[in-house]
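Undergrad: What follows is a structure written as structure tokens; I'll ask about it next.
The values are calculated or read from the model by the stated rules, or taken from the named source; none is laboratory data. Because the structure is a prediction, the values reported are computed rather than measured. We place every Cβ from the backbone using ideal geometry, glycine too, and count neighbours over all the protein chains shown. In case anyone asks, the SASA skips ligands and DNA or RNA and just uses the protein heavy atoms, side chains included. Shrake-Rupley method; radii C 1.70, N 1.55, O 1.52, S 1.80 Å.
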Amino acid sequence: MAALEAFGYGGKRVLVVGGASGIGAATAQLVGELGAEVVVADFSEVPFDCAQTIALDLRDAASVAAAVDAVGRPIDALFSCAGISSGDDIMRVNVVGQRDLIDRCVERDLMTSGSAIGMIASGAGLGWQLNREQIVELLETADFAAAASWVDAHPDLSSYSFSKEVVVAYCFRQAFSLIQRGIRINALCPSSTDTPLARRSFGWLEYGTDYREATGIHVAKPIEQAYALAFLCSSAASYVSGAFLSVDAGVNASRTMGTFVPAPPSMPAAPE
């Protein structure tokens, strides 16, 4: 395979879950430009041309099953990009439904050897080890219904940060079993990114303002995250699995090592 071909998607078929807007939309359009046949599954209407669109409500197990049926033929990459920032359904949308969809695609042999899964986590999910016990308990649930019941029984854990911790841990947990089938799985951990979701979510775009001012950089654009996500599911990343990729211009690394000390508070307080 020629070097440039390894980074491309010529002749490949991909599914983008949550591809109607934000990073998902940027990814769908990017891999389409790189030669892929693009299928987008989303609750919202898809505002750009692609090979196929599928209506999907990740809160509903029947909708997830129907969406997998609609995919029909095997896919070479599954980009799991859906997400919400708050509300009673946050764990169902960010974790339960997406896990169920991925598991169904694997069980139905829609993902064959050489395919890859890329999930969107967050810098907010990098501390998942602190909640390892609860996360493993959730991930050991057998199916959508059992996971949803677990979520309902743990309302104190229904938060954006916990949902993204679970996404990172899920990628770690599934790496061994999936690579035995020739399937890779990785997580993208973006920093603040200028998406419609971020604009609707208090404090998201303000987070890290101090770091950006100190370094002279801008808030990330969706395409800048899409480039990294497309790489993770490309043939160029054929030996990358069970990993998370922080696309944050170094903010987490700098804070972890103390080379940049944020001006408190880095995240503004929510209005009362």
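Undergrad: Are there any pairs, at least 6 apart or on different chains, whose C-beta atoms fall under 8 Å, with the first in the stretch 82-103 and in a loop (DSSP other than H, G, I, E, B) and the second open to solvent by less than 10 Å² (accessible area, probe 1.4 Å) and among the β-branched types (Val, Ile, Thr), and if so, which?
TA: Here the result reads ALA82/VAL17; ILE84/ILE90, each pair linking the stretch 82-103 to a residue that is open to solvent by less than 10 Å² (accessible area, probe 1.4 Å) and among the β-branched types (Val, Ile, Thr).
Undergrad: Across the stretch 177-210, what is the number of residues that are over 18 Å from the mean Cα position of the chain (by Cα), under 24 Å from ASP103 (Cβ atoms) and of a type in the set (A, V, I, L, M, F, W, C)?
TA: Adding up the residues that qualify gives 1.
Undergrad: Out of the residues in the stretch 17-60 meeting the condition of being closer than 13 Å to PHE79 by Cβ and in a strand (DSSP E or B), tell me which one is most open to solvent (accessible area, probe 1.4 Å).
TA: ASP42
Undergrad: Restrict the check to the stretch 64-79 and report whether at least one residue is within 18 Å of LEU157 (Cβ to Cβ) and within 14 Å of the chain's Cα centre (by Cα). Steps first, please.
TA: The initial filter retains those residues of the stretch 64-79 that are within 18 Å of LEU157 (Cβ to Cβ), namely none.
The answer is no; no qualifying residue exists.
Undergrad: Considering each of ALA67, ALA77 in turn, give the residue that is surrounded by 19 or more Cβ atoms within 10 Å (Cβ to Cβ), at pLDDT 95 or above and part of a helix (DSSP H, G or I).
TA: Details: ALA77 fails: part of a helix (DSSP H, G or I).
Matching residue, one of ALA67, ALA77: ALA67.
Undergrad: What are the pairs, 6+ residues apart or on separate chains, where a residue within the stretch 144-166 that is more than 24 Å from CYS189 (Cα to Cα) has its Cβ under 9 Å from a residue that is hydrophobic (A, V, I, L, M, F, W, C) and open to solvent by 20 Å² or more (accessible area, probe 1.4 Å)?
TA: So the pair list comes out as PHE144/ALA61; PHE144/ALA65; ALA145/ALA61; ALA148/ALA61.
Undergrad: Here's a follow-up. I'd like the residue in the stretch 121-157 that is at pLDDT 95 or above and polar (S, T, N, Q) and, out of all such residues, is surrounded by the fewest Cβ atoms within 10 Å (Cβ to Cβ).
TA: SER149
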